[in-house]
Every structure is written in structure tokens, then in C-alpha cells.
Amino acid sequence: MQKGYKMQEIIKAVQDIAIKISEVLKYGDLGYATSSNATGDTQLKLDILSDEIIENRLKELKCVSSIISEEKESPLLIDKDGEYIIAYDPLDGSSLVDVNFAVGSIFGIYKGALDAKNLVAAIYTVYGPRVELVVCQDDVRLFRLDRAGEFKFIKTLELKEKGKLNATGGTQKGWSDSHRSMIKSLFDDGYRLRYSGAMVSDLHQVLLKGGGLFSYPATPDAPNGKLRLAFEVLPFAYIYEKAGGATTNGVNSSLLDIKIEQTHQTTPCYFGSKFEIDRVRNG
Ligand code: AHG
Ligand code: MN
Ligand code: MN
């Protein structure tokens, strides 16, 4: 499917994980756990279960040195001789499971130290009416689970120069004037609003529909944005840039330029086609 024996093992593990998580999402308990995670979010039983499914499967891989999870306070050592760190969001958009919206899992695969420059692959899954997997190494490939339990290659994904969708997050009353006017200018140009509240599904939609903008800016209630660098923002930045799009934190030339200083560090983030990201950067 993709190059490299060890990477094949990781991709196979993520496929197994996706099938298991999609099963627990269908029939598992939708209730809250009594705990909260490192970011202070109240955890659902499904957040914890998804994290356990991923941890247990990734522990089987000799090539994994450690794992970093949204649901774990600190990194977990797997094999000191392993070469890959896998940072993941076990269940993205989990606040939407009660309304039965599509959610997903996100994986960033770093070779060596935890640094954006060391990202060698990013993978995400979408649990919607169908289970889908997007694998990005050199290009971005969409796979869909079939009746026989196999992920079938569907197509390579590429962003156009300019799109039509505007997926815009964050508390609107806290938007800066420049963010507000940039978002309005896109709507004035005919862009259509698409935002569910699960970044996996929202970014998946923008990617599959050829382009547009997904944004989660800084606001007074989230001065560094909400989305987390190591396991949400960087994996998607890697995917969007490999798909021919662009990313920024609002001012820099790429989200991939940001240094990871803390496991649960957040950043304002913008992902899109080149045209919209130029517009963000130029105000
Ligand atoms: P998670 O469910 O992993 O905590 O992530 C939720 C994130 C992301 O998926 C989404 O884009 C964002 O939170 C939605 O936040 P708002 O409700 O503030 O729009
Ligand atoms: Mn998330
Ligand atoms: Mn999550």
C-alpha cells in the first residue's frame, strides 16, 4: 500500500484501530466518565475506550518508541529502541457523539524527536456512515472500508488553488476585527459555511470538496486557540500541504514551522487552499 515495512505495520495497526473504534461508536455507552484530561475537557467513556484501543494496538509495534495522546497527561514509553513517536487524538469531535455526527481519530507519526520537521506520515480516520482512512506520506490517499472488512483505495486527494467552503471555529464574539473582516470577505465572495465542530470531519469535507478555508483563531477565551499542535494541528498541516494546500497560524508561512514545546500546546490555525491562506496572511 505505501512504502517502508515499519510504516506498513503502523498503517495496518491504524486500520485495525479504526475498525474497533467504529464498532464501539456504534454500540458503546455514550455517557461521561468521571475524569477530565490534560486540557481540562470532561472525558467521555468513548474517549477513554478509544485511547485504550489505540494504546493496546500500538504497544504491539516494536518500531514505536513512545505514544502521546490527548487523553494522557504525559508521553508513554513503548520501546526505547523504537524509532517513531506516534501522537494521536483518539476521538476528535467526541462532543458530537450524542448528536450522531461524524467523528474521527488523528495520528501524527514522527521519526526521532517530537518536531514538526520529523513528521514522516499523518493518518486520520472518519467514522461517519462509512469508515474512511486518509493516509499521507508523499501524497494523500483516501481508503474506504468495504463489507469484507478491507480498506480499499479510492483516490488520491488534491486541493485546488481556490475553494468554495468556509469552516470557521472559535467563539465569534471574541474574534479580532481582522479575523472577522477576513471571514466576512470570503462570505461576500460567495463562500458557503460548513462547520460541524469536529475538525476531522470539517477538514475532510474541505479536502474532498477541493478546497476552501478551515480556521480556529485565537480569542480572549482561548488566547492560543483551542486545537492542539502535536496530535491535531501538525498532522493536518502535513496532509494539507502535501495535498497542495497551505497553512498558517495567521502570520507565519506554515504551521509546520511551529516548535512543539509542550505535549498539549495549542495554536491558532488556518488550513486551506493556497488562495484562501494567502488572504489570511495578507489580512
Ligand atoms: P476533541 O473532541 O478531540 O476535544 O476536539 C474538538 C475540537 C475540534 O475537533 C473542533 O474543531 C473544535 O474542538 C470545536 O470547537 P468549538 O466547539 O469551539 O467550535
Ligand atoms: Mn480533537
Ligand atoms: Mn479527542
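Quick look at the numbers
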item: Contact order relative to length of region 127-201, as percent, for alpha carbon pairs under 8 angstrom and 6 or more apart; result: 21
item: In order through region 105-111: 3J(HN,Hα) via Karplus (6.51 cos²θ - 1.76 cosθ + 1.60), integer Hz, x for Gly, Pro; result: 10, 10, 10, x, 10, 10, 9
item: Ranked order, H179, H264 - accessible area, probe 1.4 Å, largest first; result: H264, H179
item: Convex hull of Cα atoms in the chain, direction-averaged projection (nm²); result: 13.9
item: Antiparallel %, DSSP beta bridges [both residues in region 12-87], to 5; result: 50
item: Long pairs among K72/K259; K45/K155; K62/K259; K6/K45, criterion Cα-Cα beyond 24 Å; result: K45/K155; K62/K259; K6/K45
item: FRET efficiency estimate (nearest 0.05) - Cβ-Cβ, K62 to L208, R0 30 angstrom; result: 0.30
item: In degrees, nearest ten, helix 199-208 long axis to first principal axis of the chain (Cα); result: 70
item: Additional length obtainable on full extension of the chain from E161 to Q262, 0.36 nm per residue less Cα span; result: 33.0 nm
item: Loop-located chymotrypsin sites (Phe, Trp or Tyr not before Pro) in region 84-170, at most 15 other Cβ atoms within 10 Å (DSSP); result: F101
item: The chain: relative contact order in percent, alpha carbon pairs under 8 Å with at least 6 residues between; result: 15
item: Cut-off under 5 Å, modelled amide H: who pairs with V103 long-range; result: Y127
item: Helix-only [θ]222 nm of the chain, DSSP H runs n ≥ 4, -39500 (n - 2.57) each, per residue, nearest 500; result: -8500 deg cm²/dmol
item: Accessible area expressed per residue, region 159-283, with surrounding protein chains retained (probe 1.4 Å, Å²); result: 42
item: Solvent accessible area, Å² - S196, 1.4 Å probe, full protein context; result: 40
item: Inter-label distance for I48 and S35, nm, one decimal - labels placed 7 Å from Cα along Cα-to-Cβ; result: 0.6
item: Relative packing of 42-53, 197-208, which averages over residues the other C-beta atoms within 10 Å, highest first; result: 197-208, 42-53
item: Within region 115-143, backbone nitrogen closer than 12 Å to the virtual label 7 Å beyond the Cα of L96 toward Cβ; result: 126-129
item: Neighbour-limited loop hits for GluC sites (Glu not before Pro), region 187-283 (at most 11 other Cβ within 10 Å; DSSP other than H, G, I, E, B); result: E261
item: Virtual spin-label span in nm between S253 and S178, 7 Å along Cα→Cβ; result: 1.8
item: Efficiency of FRET between A113 and D16 - r from beta-carbon atoms, R0 22 angstrom, step 0.05; result: 0.25
item: Extension reserve of the L193-R281 stretch, reckoned as 0.36 nm per residue once the Cα distance is removed; result: 29.6 nm
item: In Å², nearest 10: area of L30 left accessible to a 1.4 Å probe; result: 80
item: Accessible area of the chain belonging to carbon and sulfur atoms, whole % at 1.4 Å probe; result: 49
item: Inter-probe distance in nm under a simple model that places probes 7 Å from Cα toward Cβ, at D221 and K6; result: 4.3
item: Rounded to 10°, Cα long-axis angle of helix 45-58 versus longest principal axis of the chain; result: 60
item: Cleavage-rule hits, trypsin sites (Lys or Arg not before Pro), region 224-273, DSSP coil, Cβ neighbours within 10 Å at most 12; result: K259
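The values are calculated or read from the model by the stated rules, or taken from the named source; none is laboratory data. Model, not experiment: these values are computed from the prediction. Positions of Cβ are backbone-derived with ideal geometry, glycine not excepted, and every protein chain shown enters the neighbour counts. Quick note on the areas: whole protein, heavy atoms, side chains included, nothing else; ligands and nucleic acids left out. Shrake-Rupley method; radii C 1.70, N 1.55, O 1.52, S 1.80 Å.
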